[in-house]
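See structure below.
The values are calculated or read from the model by the stated rules, or taken from the named source; none is laboratory data. The shown structure was predicted, so the numbers you read here are calculated from the model rather than taken from an experiment. Glycine gets a Cβ as well: all are built from the backbone with ideal geometry, and neighbour counts include every protein chain shown.
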Amino acid sequence: MSHYKRSTCRACRGARLEAFLSLGQQPLANSFLSTPSEFAGEKRYPLDVYRCESCSLIQLLDVITQDELFRDYIYVTGTSETIARHNEQYAKTVTSEMQLGQGSLVIEVASNDGSLLQCFAKRGVKTLGIEPARNIARTARERGIPTVEEFFNYDLAREIRSEKGPARVVIANNVLAHVDEPIDFLTGCAELIEESGRVITEVPYLGDLLDALEYDTIYHEHLCYFSVMSLMELYERAGLMIVRIQRVPVHGGSLRILARLRTKEMSGHAPEVVELADEERRRNYDKPDPYRDFAVAVAQHREKLVALLEELVGQGKALSGYGAPAKGNTLLNYCGIDRELLKYVVDRNPLKIGRYTPGTHVPVKPVSELENDPPDYLLVLAWNFADEIMQQQIEYARRGGRFIIPVPEPRVI
């Protein structure tokens with residue numbers, strides 16, 4: 001069975017769950033197709049979003065099994081200059097703050113192709129990656145990053161600690177939202193660190209999702225959408241206290257959470273973290289209204305974006321897409337944007353080139369296609385890297401090419 005539906009909240013186990021947004025029956029956002037012969041058999045699953053009425057965690061209840069989603073994965077972190085800069089600064093900051101040296105161990109859960117751990121390794125820090133995607137774990141090992149090829153949970157954490165000893169730092173970026181049992185996941189992270197160690201996670205922030213209408217970041221891999229309130233609940237249940245939360249711009253707006261083991265000296269979250277949660281309550285994140293308003297705005301956005309694209313095509317303009325990210329596939333499928341509107345999309349990830357986008361079946365081509373068959377307009381599906389993309393495509397713009405940034409409001413640049 002590759003799909004099941006849960007009936008209780010992942011944080012508090014409550015059963016009062018209200019659906020507030022449906023993005024329809026959607027294919028898996030990273031399941032690109034190799035040939036047109038696969039189109040007819042493509043699977044789709046409900047993409048509906050719920051709010052827990054007890055603890056306000058925003059979540060999906062339709063769960064796709066981890067093997068289906070992640071064993072053969074085509075998202076890699078090493079193709080973006082923006083992420084490369086982010087990783088370098090990340091490693092520099094953590095190494096300095098935690099006074100990491102040659103005897104220190106940094107473990108990254110969902111380490112992908114090892115790009116971030118490489119930044120620690122070159123500073124002389126011992127590293128270990130945990131990455132279940134076989135193809136990507138192999139790439140990390142080829143780069144010299146020792147990598148455990150398993151899905152992470154508490155039981156695996158106990159095995160690793162008994163073999164490798166405790167870690168000074170455990171990092172888990174953009175993975176907490178992917179797991180169906182986040183308390184078990186965080187308990188595993190707590191098991192891995194030494195008494196004075198830190199668990200550092202990054203998650204997309206619910207506030208940015210709501211404020212910037214980032215509904216395309218909703219897809220089956222992302223089971224949870226975190227507020228500070230919901231994070232506090234999860235970390236407490238895992239025996240962790242949040243020391244600090246930072247806002248970081250990556251992926252459209254994220255939170256970087258630093259946590260430590262609960263002790264007699266620190267049995268509660270830091271005061272500034274509690275204040276962030278209080279601010280969310282002042283913004284009614286614990287009430288249904290912001291989410292119902294969000295759903296209305298999402299439907300209106302679809303109308304505006306499709307109207308813009310259809311108007312341009314009606315004028316005889318050629319449109320293509322830049323980037324084939326998972327978020328782009330949510331947008332394309334929800335809005336019904338297919339080959340009638342987009343000739344092709346380009347991407348720098350070699351694992352996607354030559355394939356077809358899930359659901360909408362738009363061919364993915366290399367970036368060089370913009371020179372061979374330039375469109376009049378580029379719909380920037382990877383809008384979180386829009387500045388980087390437009391800088392790279394100065395020549396395209398010089399020749400008269402225009403960019404369409406889809407969210408929060410469709411606009412032409």
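Does F185 satisfy being in a helix (DSSP H, G or I) and either more than 23 Å from the chain's Cα centre (by Cα) or over 23 Å from T93 (Cβ atoms) (or both)?
Here the answer is yes, as F185 does meet what is asked.
Could you please find all residues in the range 17-59 being within 23 Å of Y205 (Cα to Cα) and assigned to a loop (DSSP other than H, G, I, E, B)?
Answer for the range 17-59, where residues must be within 23 Å of Y205 (Cα to Cα) and assigned to a loop (DSSP other than H, G, I, E, B): L28, A29, N30, E53, S54, C55, S56, L57.
Scan the range 209-248 residue by residue and report those that are surrounded by fewer than 19 Cβ atoms within 10 Å (Cβ to Cβ), within 28 Å of T330 (Cβ to Cβ) and not polar (S, T, N, Q).
D211, A212, L213, R247, V248, listed by residue number.
Under 6 Å by Cβ, and 6 or more places apart or on different chains, what pairs join a residue from the range 86-113 that is of a type in the set (D, E) with one that is part of a strand (DSSP E or B)?
E108/G129; E108/I171
Select from the range 390-406 the residues that are closer than 23 Å to V306 by Cβ and in contact with a Leu (Cβ under 8 Å, 6 or more places away or on another chain) and write down the one among them that is surrounded by the fewest Cβ atoms within 10 Å (Cβ to Cβ).
R402
Quick one: S104 ticks every box in (1) buried (at least 20 other Cβ atoms within 10 Å of the Cβ); (2) more than 23 Å from L186 (Cα to Cα) bar one, so which box is it?
Result: S104 fails condition (2) only.
Condition test on Y4, is it outside the structural domain of Q391 (by TED's automatic domain parsing), surrounded by fewer than 16 Cβ atoms within 10 Å (Cβ to Cβ) and either assigned to a strand (DSSP E or B) or in contact (Cβ under 8 Å) with a residue 24 or more places away in the chain (or both)?
In short, yes.
Report yes if A190 is surrounded by fewer than 22 Cβ atoms within 10 Å (Cβ to Cβ), outside the structural domain of S54 (by TED's automatic domain parsing) and assigned to a helix (DSSP H, G or I), otherwise no.
no
For the list (1) at pLDDT below 95; (2) under 28 Å from N135 (Cα atoms), I need the number of the one condition that D387 fails.
Result: D387 fails condition (2) only.
Which one of the conditions (1) of a type in the set (D, E, K, R); (2) within 22 Å of H222 (Cβ to Cβ); (3) touching a helix residue (DSSP H, G or I) at 6+ places or on another chain (Cβ under 8 Å) does E388 fail to meet, given that it meets all the rest?
The single condition E388 does not satisfy is (2).
Among the residues of the range 179-208, write down those that are closer than 19 Å to A277 by Cα and without any contact (Cβ under 8 Å) to a residue 60 or more places away in the chain.
Within the range 179-208, T201, E202, V203, P204, Y205, D208 meet the criteria.
Can you name the residue in the range 156-178 that is free of Cβ contacts under 8 Å to residues at least 60 places away in the same chain and in contact with a helix residue (DSSP H, G or I) (Cβ under 8 Å, 6 or more places away or on another chain) and, of all such residues, is surrounded by the fewest Cβ atoms within 10 Å (Cβ to Cβ)?
R158
Going by the structure shown, is R262 modelled with pLDDT under 95 and buried (at least 16 other Cβ atoms within 10 Å of the Cβ)?
For R262, the condition - modelled with pLDDT under 95 and buried (at least 16 other Cβ atoms within 10 Å of the Cβ) - is met.
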